[in-house]
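A.B. asks: Handing you a structure now.
The values are calculated or read from the model by the stated rules, or taken from the named source; none is laboratory data. Please read these numbers as outputs of a predicted model, since none were measured by experiment. Reconstructed Cβ throughout: ideal geometry from the backbone, glycine too, with neighbour counts over all protein chains shown.
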Amino acid sequence: MPAAPGAVERWFSLGLYPAIQGVVTPLSNQLPFALLDVLSVLALVGVGATMVHAVRVARRTKRVAPVLGGLGHLAAAAACVYLVFLALWGLNYRRVSMAERLVVEPGAPAPESVVQLGLDAATQLNALYERAHRSGWRRAPWEDANLQRAFADVQRELSDAPPAVPGRLKPTLFGVYFRWTSVDGMINPFGLEVLANPDLLPFERPFIAAHEWAHLAGYANEAEASFVGWLACVRADVEAQYSGWLSLYWQVRGEVSQDERARLSGALDAGPRRDVEAVAARLRRGEWPWLQNAGWRMYDQYLKANRVEEGIRSYGAVLTLILRARFNEGWAPVRRDPPGDRSHGQ
């Protein structure tokens, strides 16, 4: 159904959804296990019980109608689950986009600007490496007060909604699937909790957490979630800063040519280069290419069905936001003026 982004923003993303998230995430944070695992098992049991019953009735009556009826019940149940998904989180796909929310220069960034951003990220990694590794990422991201404060500050700069409650990174039965498909994390839209790849390296976890927290804050688009997560990291403590710049370096690395990739690698000192190589080794170690390709194709279709026209290419669009958005001092993004208001962005 058509939905006006302004209405979704006003009534759902700024109204109903923050109230839901402010209750559900603190409750799910109390559970040491993933609520999605429980819901998935119950769903499998429900599907199995429905079809077993339908087949038994069909065999007893020698009619196919019970099987068709069982399939009809499952289709209706799936439709209800989708409506619950929209009501709990999914309508955020239809909110006002970040490009409309902020002052963003039109057009794509120049290729040389993308390379320079990667070189800037390499410079930051070189400068932060020793201090970040000395600290050692001993705190869990959801217990890091500095990262939580930075995340709340970024949210207040982007919208008038109450700041979202950060979620703890939880292990999940889907962890093996994450490993095989190189998925770093996701949120459970039915429990508003964060699920993480079990193989994440310590220096990856702050950015992955902040990225998923951005989803919890209602930024469904992947580029927007990466943008919010990166802004939170670079304004937090040194461990989170290193994680944020590493994620940005990795993103740029995936968008440039082989020669430019070699140039970026050459700009890294030995320590950061080892970390980049460790991430690459982690991704190679567990991946199943055929399952990875199938999983990402399915996610691409899912994003497009939810009006993210770029599909999985939306991940790379974070570079456009970083390079084309206008910032005040301290990486504070400049919001667009509301109609009739010229107070922002002067």
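A.B. asks: Every residue in region 120-137 that is small (Gly, Ala, Ser), surrounded by fewer than 19 Cβ atoms within 10 Å (Cβ to Cβ) and at pLDDT 95 or above, please.
C.D. replies: ALA127
A.B. asks: Whether any residue in region 187-199 is among the hydrophobic types (A, V, I, L, M, F, W, C), in contact (Cβ under 8 Å) with a residue 60 or more places away in the chain, in contact with a Gly (Cβ under 9 Å, 6 or more places away or on another chain) and within 19 Å of LEU323 (Cα to Cα) is what I want to check.
C.D. replies: No: region 187-199 contains no residue that is among the hydrophobic types (A, V, I, L, M, F, W, C), in contact (Cβ under 8 Å) with a residue 60 or more places away in the chain, in contact with a Gly (Cβ under 9 Å, 6 or more places away or on another chain) and within 19 Å of LEU323 (Cα to Cα).
A.B. asks: Select from region 141-162 the residues that are among the aliphatic types (A, V, I, L, M) and touching a helix residue (DSSP H, G or I) at 6+ places or on another chain (Cβ under 8 Å) and list them in ascending order. If you could, list the steps in order and put the result at the bottom.
C.D. replies: We begin by selecting, within region 141-162, every residue among the aliphatic types (A, V, I, L, M); these are 145, 147, 150, 152, 154, 158, 161.
The answer is LEU147, ALA150, VAL154, LEU158, ALA161.
A.B. asks: Let me ask another. Go through region 216-228 and count every residue that is closer than 17 Å to ALA99 by Cβ and outside any loop (DSSP other than H, G, I, E, B).
C.D. replies: 7
A.B. asks: So, in region 197-215, of the ones that are part of a helix (DSSP H, G or I) and touching a Ser or Thr at 6+ places or on another chain (Cβ under 6 Å), which residue ends up nearest to ARG134 (Cα to Cα)?
C.D. replies: Here is the first cut: in region 197-215, the residues part of a helix (DSSP H, G or I) are 205-215.
If we keep only those that are touching a Ser or Thr at 6+ places or on another chain (Cβ under 6 Å) too, we end up with 206-207, 211.
Working: PRO206: 16, PHE207: 18, HIS211: 24 Å.
Among residues in region 197-215 that are part of a helix (DSSP H, G or I) and touching a Ser or Thr at 6+ places or on another chain (Cβ under 6 Å), the one nearest to ARG134 (Cα to Cα) is PRO206.
A.B. asks: Within region 214-273, which residues are among the acidic types (Asp, Glu), modelled with pLDDT of 95 or more and surrounded by fewer than 24 Cβ atoms within 10 Å (Cβ to Cβ)?
C.D. replies: ASP237, ASP269 - these are the residues of region 214-273 that are among the acidic types (Asp, Glu), modelled with pLDDT of 95 or more and surrounded by fewer than 24 Cβ atoms within 10 Å (Cβ to Cβ).
A.B. asks: Being in contact with a strand residue (DSSP E or B) (Cβ under 9 Å, 6 or more places away or on another chain), closer than 28 Å to ALA76 by Cβ and not β-branched (Val, Ile, Thr) is the filter here, so list the residues in region 1-36 that pass it.
C.D. replies: Result: SER28, ALA34, LEU35, LEU36.
A.B. asks: Here is a check on your reading of the model: is GLN116 among the polar types (S, T, N, Q), surrounded by 12 or more Cβ atoms within 10 Å (Cβ to Cβ) and without any contact (Cβ under 8 Å) to a residue 12 or more places away in the chain?
C.D. replies: Details: among the polar types (S, T, N, Q): yes; surrounded by 12 or more Cβ atoms within 10 Å (Cβ to Cβ): yes; without any contact (Cβ under 8 Å) to a residue 12 or more places away in the chain: yes.
Yes; evaluated as a whole, the condition is true for this residue.
A.B. asks: Using the structure shown, decide if ARG179 is charged (D, E, K, R), out of contact with any strand residue (DSSP E or B) (no Cβ under 8 Å at 6 or more places or on another chain) and modelled with pLDDT under 95.
C.D. replies: Yes, satisfied.
A.B. asks: Does at least one position in region 75-98 carry a residue that is under 23 Å from GLY254 (Cα atoms), surrounded by fewer than 18 Cβ atoms within 10 Å (Cβ to Cβ) and either modelled with pLDDT of 95 or more or not aromatic (Phe, Trp, Tyr) (or both)?
C.D. replies: Looking through region 75-98, none of the residues is under 23 Å from GLY254 (Cα atoms), surrounded by fewer than 18 Cβ atoms within 10 Å (Cβ to Cβ) and either modelled with pLDDT of 95 or more or not aromatic (Phe, Trp, Tyr) (or both).
A.B. asks: Pull up region 182-204, narrow it to residues that are of a type in the set (Gly, Ala, Ser) and over 25 Å from ALA78 (Cα atoms), then point me to the one that is modelled with the lowest pLDDT. Spell out the reasoning first.
C.D. replies: Filtering region 182-204 down to residues of a type in the set (Gly, Ala, Ser) leaves 182, 185, 191, 196.
Those left that are additionally over 25 Å from ALA78 (Cα atoms): 182, 196.
Numbers: SER182: 87, ALA196: 95.
Step by step, filter region 182-204, then rank; the result is SER182.
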